[in-house]
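Q: Starting off with a structure, shown below.
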Amino acid sequence: MILEKWSSDDKFRLNALCNSIDRSFLSDRIPYPYTDRDAEAWLSMVSELDGKEAIFRAIKLDGRIIGNISVEKKADIYRLDGEIGYFLLDEYKGQGIMTEAVSQICELAFSELDICRITGLVFAENAASARVLEKNGFKPEGMMKQAVIKNGIIHDLLIFGRLKTM
Ligand SMILES: CC(C)(COP(=O)(O)OP(=O)(O)OC[C@H]1O[C@@H](n2cnc3c(N)ncnc32)[C@H](O)[C@@H]1OP(=O)(O)O)[C@@H](O)C(=O)NCCC(=O)NCCS
């Protein structure tokens, strides 16, 4: 598994990826169905912000893009905090891939972005994602009750944090 910068040539691969992922625990920011225009707009945002306000990387295995991972700086008084997000195609789950991807992006984000912590917000039911963060030194910091609504159902959200100086 390697992390690679997204390029404007990845439009069709990004489109295929975003139309194939399990979105049960993802933000609705990723439209569905995902169109070429959605891919173009996202890749343009990535090229503008990457390395300044955020780190975005494609997760690649044997030359195929199989997922995405990012750390995005927050704004205002929260600006020293970066929020991590990630997803992987179903057929690659359970092989330790996201654990390694999180390890690599945290290192990149702490060295390239002006942040002192990374926050992970996880649906309370998403035990695999919580485990991935814990394996990377993230500590559970609490739970926001009834914090998100997805497909008409309200969920609790777990808060995880990892400090630059652990
Ligand atoms: C959650 C997700 C990122 C995990 O990626 P992955 O590559 O399968 O994760 P890894 O294989 O590195 O590690 C998964 C860990 O969770 C554990 N796990 C998996 N399912 C679990 C469950 N239902 N309950 C408890 N632990 C579970 C695995 O055993 C493993 O831990 P271990 O190494 O201690 O055995 C991936 O399933 C995914 O992309 N899901 C859809 C999108 C998503 O949920 N994104 C996160 C939003 S916060």
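The values are calculated or read from the model by the stated rules, or taken from the named source; none is laboratory data. Being a predicted model, the structure only gives us computed values, none of them experimental. We place every Cβ from the backbone using ideal geometry, glycine too, and count neighbours over all the protein chains shown. Ligands, DNA and RNA are excluded from the accessible area calculation, which covers all protein heavy atoms including side chains. Shrake-Rupley method; radii C 1.70, N 1.55, O 1.52, S 1.80 Å.
Q: Of all residues in the stretch 5-44, count the ones that are under 17 Å from Lys150 (Cβ atoms), in a loop (DSSP other than H, G, I, E, B) and hydrophobic (A, V, I, L, M, F, W, C).
A: 4
Conditions tested, residue by residue: (1) within 19 Å of Ala128 (Cβ to Cβ); (2) not small (Gly, Ala, Ser).
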residue: Leu3; (1), (2): no, yes
residue: Cys18; (1), (2): no, yes
residue: Ser27; (1), (2): yes, no
residue: Ser47; (1), (2): no, no
residue: Leu61; (1), (2): yes, yes
residue: Lys93; (1), (2): yes, yes
residue: Ala101; (1), (2): yes, no
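Q: Across the stretch 104-128, what is the number of residues that are touching a residue at least 24 places away in the same chain (Cβ under 8 Å) and more than 8 Å from the ligand (Cβ to nearest atom)? If you could, list the steps in order and put the result at the bottom.
A: First pass over the stretch 104-128, keeping only residues touching a residue at least 24 places away in the same chain (Cβ under 8 Å): 104-106, 108-110, 112-126, 128.
Subset that is more than 8 Å from the ligand (Cβ to nearest atom): 104-106, 108-110, 112-119, 124-125.
Matching residues across the stretch 104-128 total 16.
Q: A further question on this structure: Could you list, in sequence order, the residues of the stretch 32-45 that are touching a residue at least 12 places away in the same chain (Cβ under 8 Å) and either closer than 21 Å to Thr99 by Cβ or surrounded by 13 or more Cβ atoms within 10 Å (Cβ to Cβ) (or both)?
A: Tyr34, Thr35, Asp38, Ala39, Glu40, Trp42, Leu43
Q: Tell me which of these Met143 doesn't satisfy, since it passes every other one: (1) surrounded by fewer than 16 Cβ atoms within 10 Å (Cβ to Cβ); (2) touching a Ser or Thr at 6+ places or on another chain (Cβ under 8 Å).
A: (2)
Q: Turning to a different aspect of this structure: Select from the stretch 46-64 the residues that are in a strand (DSSP E or B) and not charged (D, E, K, R) and write down the one among them that is surrounded by the fewest Cβ atoms within 10 Å (Cβ to Cβ). Lay out the reasoning, then the answer.
A: The first filter runs over the stretch 46-64 and keeps only residues in a strand (DSSP E or B), leaving 50, 54-61, 64.
Filter once more, so that each one left must be not charged (D, E, K, R): 54-56, 58-59, 61.
Details: Ala54: 20, Ile55: 27, Phe56: 22, Ala58: 21, Ile59: 26, Leu61: 15.
By that ranking, first place goes to Leu61.
Q: Still on this structure, I have one more. For residues that are more than 8 Å from the ligand (Cβ to nearest atom) and open to solvent by 60 Å² or more (accessible area, probe 1.4 Å), tally how many sit in the stretch 75-103.
A: 8
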